[in-house]
Amino acid sequence: MMTPFQQLLRHRPRPAAVLALRRLLDVDRSTLYRWSRGEPYPPYHMAQKIISILAEYGVAMDFNGIYEPSLPEDAPES
C-alpha cells in the first residue's frame, strides 16, 4: 500500500506542485525519492509545510494523505 502523497511524488511527468515542494522546502531529489518510497515519511513539521504548498497548487492533501497508506502499489496515476 502507498499514500496519496507517495502517488503524487511518483507521478510522471512531475506535476508543478512536486517541483515546487523541492524548491520551497529546500530539499534535494533524493529526499523526495525517499519520501515517495516511504523511507522515511516526511517529519511532522515538513508535512505541515507540504500541505500548505500543495494547497497553493490546488492539490488537496491532509496528514492522512501523507502518512496513511490507502492505495495499492499499482494504483493508476491521476
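A simple spin-label model places pseudo-atoms 7 Å from Cα toward Cβ; at ASN64 and LEU25 they are separated by 2.1 nm. For GluC sites (Glu not before Pro), the sites in the chain that DSSP calls loop and that have at most 11 other Cβ atoms within 10 Å are GLU73, GLU77.
Helical content alone sets the calculated 222 nm signal of the chain at -16000 deg cm²/dmol, taking -39,500 (n - 2.57) per DSSP H segment of four or more residues and averaging over every residue. Approximating the spin labels as points 7 Å out from Cα along Cα→Cβ, the SER52-to-MET1 distance works out to 3.0 nm. Applying a DSSP loop filter and a limit of 14 other Cβ atoms within 10 Å to the chymotrypsin sites (Phe, Trp or Tyr not before Pro) in the chain leaves TYR57. Contact order for the chain, expressed relative to its length and based on alpha carbon pairs under 8 Å spaced 6+ residues apart, stands at 50 percent. When VAL27, VAL18 are arranged by Cβ crowding within 10 Å, least crowded first, meaning fewest neighbours, the order is VAL27, VAL18. Would you please classify the overall shape of the stretch 4-67 from the alpha carbon gyration tensor, given that a ≥ b ≥ c denote the square roots of the eigenvalues, rounded means a/c under 1.5, and beyond that prolate means a/b larger than b/c while oblate covers the rest? It is rounded, given that a/c, with a ≥ b ≥ c, falls under 1.5.
Every number here is computed from the coordinates shown, using simple stated rules; none is lab data. Please read all numbers here as calculations on a predicted model, not as lab measurements. Cβ: placed from backbone, ideal geometry, glycine included. Neighbour counts: every protein chain shown.
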